Amino acid sequence: MSTAAPRPSVDNAVTALSYEEARDQLVDVVSRLEAGAATLEESLALWERGEALADRCQQWLDGARERLEAARGASQADDAGESDEDEEASL
């Protein structure tokens with residue numbers, strides 16, 4: 001059994017989405033799947049799109065986490081530098 005390659009058009013369209021757009025579309029996909037009115041083929045396509053949208057949301061969240069950690073690290077380094085300067089000035 002062969003595994004189908006991801007559809008480039010879906011992947012390209014999803015990678016261009018903001019977090020909010022991807023999240024909103026994912027909510028729509030889940031609602032449509034939960035309704036159960038789609039055919040098997042439509043359900044599989046919705047599932048694949050949902051997976052791509054969920055991955056995109058996770059990419060945004062991971063990026064935000066990295067930026068926060070970098071900002072915290074820079075802030076802690078600045079705080080440490082200021083306390084070192086304060087100690088040197090008091091000597």
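The values are calculated or read from the model by the stated rules, or taken from the named source; none is laboratory data. Because the structure is predicted, anything quoted here is derived from the model rather than measured. Cβ coordinates were reconstructed from backbone atoms using ideal geometry, including for glycine residues, and neighbour counts include every protein chain displayed.
Give the number of residues within segment 31-51 that are out of contact with any Leu (no Cβ under 9 Å at 6 or more places or on another chain) and aliphatic (A, V, I, L, M).
Of the residues in segment 31-51, the ones out of contact with any Leu (no Cβ under 9 Å at 6 or more places or on another chain) are 31, 34-37, 39-42, 44-45, 48, 51.
The next check asks that each one be aliphatic (A, V, I, L, M); those that pass are 35, 37, 40, 44-45.
The qualifying residues number 5.
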- Are any of the residues in segment 23-42 among the acidic types (Asp, Glu) and within 15 Å of the chain's Cα centre (by Cα)? yes
- Query: Looking at segment 29-54, which of its residues are surrounded by 14 or more Cβ atoms within 10 Å (Cβ to Cβ), acidic (Asp, Glu) and out of contact with any helix residue (DSSP H, G or I) (no Cβ under 8 Å at 6 or more places or on another chain)?
  - Reply: Glu51
- Any residue at all in segment 58-70 that is modelled with pLDDT of 95 or more, charged (D, E, K, R) and either closer than 17 Å to Asp11 by Cα or touching a strand residue (DSSP E or B) at 6+ places or on another chain (Cβ under 8 Å) (or both)? no
